[in-house]
Amino acid sequence: MTASLDWRHEWLASLTWMATAFIVTLVASAAAVWLLARYTRWGRQFGRLAFPYFDLRRGRRPLLTVLLILALTIFAVRLQVLISYALNDIFTALGKMYAQDFWVSIVRFTVLAAIFVISSLISYLVSQRFIIHWRTWLTDHMITDWLSGHAYHRSQYVTEPVDNPDQRIQEDVQQFVEDSHYLSTGTVDAALRLVSFTAILWGLSGPIPVFGHEVPRAMVVLAYVYVLVASLIAFRIGRPLIRLEFLREGLSASFRYALIRLRDHSENIAFYGGEKMERAALASRFTAVIKNTWIIALRRLKLQGFNDSVTQVAQVFPYVIQAPRFFAGTLMLGDVTQTADAFGQVHNSLSFFRNSYDSFAAYQAGLDRLTALMDANHDSRRLPSPTVADHPGALVIEGLRVWRPDHEPLIDGLTLTMSPGEALLVKGASGSGKTTLLRSLASLWPHAHGTIRRPAGGRTQFLSQQPYLPMGSLRTALAYPEPPDRIADQLAREMLHAVQLGHLECRIDDEAYWSRILSPGEQQRLGFARILLNRPHLAFLDEATSAVDEGLEHALYRLIRERLPECMVVSVGHRSTLNAFHTHHLNLLGAGRWGMSAA
């Protein structure tokens with residue numbers, strides 16, 4: 001029996017084919033990426049997220065890994081072609097009852113199959129390493145961008161704020177990386193298999209009369225027409241999935257945020273007996289999620305039903321076309337089976353985009369969500385803010401203007417200077433802009449303009465009414481924002497005793513949800529302990545003793561004045577007992593007016 005290939009010299013032909021395919025695919029892929037990034041919206045979105053990772057200034061490993069994945073993909077396609085010819089020999093030997101040729105073909109197929117399995121495992125390992133490394137880098141990149149310039153806070157003030165940045169960083173980054181790999185390698189694989197198996201199908205096809213006219217190489221023509229028409233119909237059915245997937249992410253995130261908010265405010269809700277209202281609010285959000293889920297399910301039902309129908313017809317289509325030639329004796333059994341295999345490969349290659357339409361829809365929605373977060377971060381950094389400069393030995397405010405989002409003035413032309421050891425108490429009616437003034441001094445409020453010179457970095461510390469307690473141990477909460485290992489056990493215990501939290505000294509390294517365990521008053525005392533530890537040159541206290549009694553308030557302020565006598569203190573408060581610890585008063589009178597006086 002004559003073999004379908006010259007197997008002795010096939011290794012050289014295969015190496016030549018793979019080298020040629022690698023160069024052509026590399027050039028075509030690079031050109032496609034460039035064209036998409038230049039002329040399509042989603043291509044530009046992809047470039048914003050992916051191109052920095054592949055920047056050669058960062059290193060060559062990401063690009064080399066992509067080239068290795070490409071080489072392994074090409075190798076796998078060539079093996080599939082060779083396996084197709086090996087199966088042809090097996091079935092031809094069966095049809096002609098050639099036992100020796102049959103067993104030789106079986107051995108050849110076994111070797112090729114073993115190589116294919118090994119290469120698939122290597123490809124999977126390389127791909128997973130690439131995905132994990134890229135996801136790690138992109139997550140860090142997105143977090144850095146989100147934290148830069150206080151974007152995580154200031155982005156709420158932009159024209160189009162984004163919802164659930166946490167979900168976008170955690171879920172959408174992972175989905176983007178995985179789908180980028182799947183869709184890109186799938187596209188390359190489909191294109192290579194399409195070219196390779198079209199050539200096989202071309203060699204096995206014969207003419208077919210259609211309405212009195214003979215169509216040459218009909219098998220190839222019919223395969224392309226069949227799949228292209230099916231794909232156009234599938235795209236039309238699946239197009240709404242892009243918008244629905246984007247909406248699904250937003251609605252799911254909104255429902256999850258409502259659940260987290262219920263957990264975080266459980267005590268207040270329990271005091272109010274607000275379970276009925278919370279249940280109604282959760283039910284409303286979940287109803288929207290389910291409604292969207294049903295719409296997606298029905299749309300996918302239509303798409304899947306159509307795709308399954310097309311796939312099932314394709315199972316017998318090549319046999320129906322080739323059967324007359326087989327019965328006429330012009331084709332061997334191996335040729336028929338190889339025709340079916342080649343048709344299946346061509347069908348699957350052309351159907352890749354049709355079958356992956358919902359993946360493309362989810363991918364585009366993910367691109368929109370990630371780039372929207374980047375846009376919001378960028379816009380937040382362009383919002384106006386006072387000019388802040390470093391001045392180690394004083395607080396100098398010149399011409400500070402602060403206004404509401406509706407442009408109603410809160411503070412107009414504030415100018416003052418504080419020297420080491422001085423303390424300023426900011427007073428005024430509720431809504432006069434006391435807390436907003438502190439936000440402006442920290443560059444958090446976007447509706448402010450002026451010049452501020454103060455100690456930079458950790459030499460300035462802000463203490464809000466409810467101090468932030470990070471996840472982790474009590475030592476971590478005490479040291480924040482510094483690392484916990486900078487505090488020795490003895491120093492930590494001393495600070496806790498100083499602010500009358502000595503009962504917690506034995507729990508210094510306990511991991512717990514401390515913002516729930518500690519009362520508001522205990523949390524505020526912990527905030528004062530941070531100030532004593534960090535020893536800032538300037539401290540802003542925004543009603544930082546509102547949850548403690550006047551006696552404890554007096555003790556905490558006395559600690560600051562005794563242990564940090566040179567520290568400048570700016571306090572916001574209402575109690576008259578604070579007057580004794582401040583050298584100056586700033587009264588906010590409303591409508592932009594203000595007045596300064598000595599204590």
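The values are calculated or read from the model by the stated rules, or taken from the named source; none is laboratory data. Everything numeric in this text was worked out from a predicted model, so none of it was measured. Note that we place each Cβ from the backbone using ideal geometry, even for glycine, and neighbour counts take in every protein chain shown. What goes into the accessible areas is simple: the full protein's heavy atoms, side chains included, and nothing from ligands, DNA or RNA. Shrake-Rupley method; radii C 1.70, N 1.55, O 1.52, S 1.80 Å.
Taking 8 Å as the Cα distance limit and 6 or more residues as the minimum spacing, I'd like the relative contact order of the chain as a percentage.
On the way: 780 pairs, mean separation 83.8, N = 599.
About 14 percent, as a whole number.
Charged side chains reduced to their Cβ positions (Lys and Arg at +1, Asp and Glu at -1) give the range 414-516 a dipole of some 600 debye around its Cα centre. Note on ARG243 and ARG563: the extension gain reaches 109.2 nm, defined as 0.36 nm multiplied by sequence separation minus the Cα-Cα distance. Candidate values (i) 25; (ii) 47; (iii) 42 were compared with percent of Cα pairs over 45 Å apart computed on the shown model; the agreeing label is (iii).
Per the Debye formula on identical point scatterers at the alpha carbon atoms of the range 346-493, with no solvent, log10 I(q)/I(0) at q = 0.18, 0.19, 0.20, 0.21 Å⁻¹ is -1.17, -1.22, -1.25, -1.29.
Run lengths n ≥ 4 of DSSP H only: what is the helix-derived mean residue ellipticity at 222 nm for the chain, with -39500 (n - 2.57) per run over all residues, to the nearest 500?
Numbers: 19 runs with 370 residues, N = 599.
Mean residue ellipticity at 222 nm (helix-derived): -21000 deg cm²/dmol.
Just to make sure I understand: if all protein chains stay in place, what is the order of LYS302, LYS434 by accessible area at 1.4 Å, largest first?
Working: LYS302 115, LYS434 15 Å².
Descending order: LYS302, LYS434.
Considering only DSSP beta bridges with both partners in the range 451-595, what is the antiparallel share in %, to the nearest 5?
Details: 5 of 14 bridges.
The antiparallel proportion sits near 35 percent.
Could you estimate the translational diffusion coefficient of the range 1-84 from the Stokes-Einstein equation, with Rh from the Kirkwood formula over C-alpha pairs, at 37 °C and 0.692 mPa s, in whole µm²/s? Mind dumping the intermediate values first?
Details: Rh = 15.3 Å.
Value of D from the Cα-based Kirkwood radius: 215 µm²/s.
One equal scatterer on each Cα of the range 444-587, no solvent, Debye formula: the resulting log10 I(q)/I(0) at q = 0.13, 0.14, 0.17 Å⁻¹ is -0.57, -0.67, -0.97. Applying 1/(1 + (r/R0)^6) with r as the Cβ-Cβ distance of VAL33 and ASP140 and R0 = 35 angstrom yields a FRET efficiency of 0.90. Placing +1 on the Cβ of every Lys and Arg and -1 on the Cβ of every Asp and Glu, with no other charges, gives the range 494-533 a dipole of roughly 200 debye about its Cα centre. Estimated at 0.36 nm per residue, the fully extended path between ASN587 and ARG41 surpasses their Cα-Cα distance by 191.3 nm.
Before I look further, what does the chain give for accessible area per residue, probe 1.4 Å, in whole square angstrom?
Working: 31140 Å² over 599 residues.
Accessible surface, normalised per residue, equals 52 Å².
Among beta bridges from DSSP that stay inside the chain, the antiparallel ones total about 50%. Just going by the charge dipole of the chain, with Lys and Arg at +1 and Asp and Glu at -1 on Cβ, which of VAL346, LEU414, PRO536 is farthest out on the positive end? Value computed over the given set: VAL346.
The string of couplings for the range 461-469 from the Karplus curve (6.51, -1.76, 1.60, θ = phi - 60°) is 10, 10, 10, 8, 4, 10, x, 7, 10 Hz, one whole number per residue in order, with x for Gly and Pro.
Dipole of the chain computed with +1 at Lys/Arg Cβ and -1 at Asp/Glu Cβ about the Cα centre; of TYR480, SER184, GLN523, farthest Cα towards the positive end is SER184.
The alpha-carbon of LYS276 sits under 24 angstrom from the alpha-carbons of these lysines, leaving out residues fewer than 8 places away in its chain: LYS291. Suppose R0 equals 41 Å. What FRET efficiency, 1/(1 + (r/R0)^6) with r the Cβ-Cβ distance, do TRP202 and PHE54 give to the nearest 0.05? My answer for the efficiency is 0.65. The relative contact order of the range 254-384 comes to 17 percent, based on Cα pairs under 8 Å that sit 6 or more residues apart.
Placing unit charges on each Cβ (+1 for Lys and Arg, -1 for Asp and Glu) gives the range 4-98 a dipole about its Cα centre, and among LEU68, ALA19, LEU56 the Cα reaching farthest toward its positive end belongs to LEU56.
For the Cα trace of the range 453-495, dividing Rg by the Kirkwood Rh returns an Rg/Rh value of 1.01.
Using a probe of 1.4 angstrom, how much of the accessible area of the chain is carbon and sulfur, in percent? Mind dumping the intermediate values first?
Details: 19050 of 31140 Å².
Carbon and sulfur: 61 percent of the exposed surface of the chain.
Between Rg and the Kirkwood Rh of the range 216-312, both from Cα atoms, what is the Rg to Rh ratio? Could you put the intermediate results ahead of the total?
Working: Rg = 22.3 Å, Rh = 16.8 Å.
Rounded to two decimals, Rg over Rh is 1.33.
Amide H to amide H, with H built 1.01 Å from N, PHE54 comes under 5 Å of no residue 5 or more places away or on another chain. The range 453-533 has equivalent-ellipsoid semi-axes of 20, 14, 12 Å, by the square roots of 5 times the alpha carbon gyration tensor eigenvalues, sorted largest first. Dipole magnitude for the chain: about 920 debye, using +1 per Lys or Arg Cβ and -1 per Asp or Glu Cβ, origin at the Cα centre.
So which helices of the chain fit the span-like rule, where a helix is a whole DSSP H run, its Cα atoms reach 18 Å or more along the axis, and its mean Kyte-Doolittle is at least 1.6?
Working: long enough: 10-39 (42 Å, 1.32); 61-96 (52 Å, 1.44); 99-147 (71 Å, 0.83); 173-204 (45 Å, 0.58); 218-238 (29 Å, 2.14); 241-264 (34 Å, 0.20); 275-327 (76 Å, 0.14); 333-350 (26 Å, -0.07); 357-381 (36 Å, -0.54); 520-534 (21 Å, -0.33); 550-563 (20 Å, -0.80).
Qualifying helices: 218-238.
For a modelled paramagnetic label at GLU160, 7 Å from Cα along Cα-to-Cβ, the residues of the range 364-386 in reach, with backbone nitrogen under 20 Å, are 364-384.
Taking every pair of alpha-carbon atoms in the range 521-567, give the share separated by more than 11 Å as a whole percent.
Values: 712 of 1081 pairs.
Tail of P(r) above 11 Å: 66 percent of Cα pairs.
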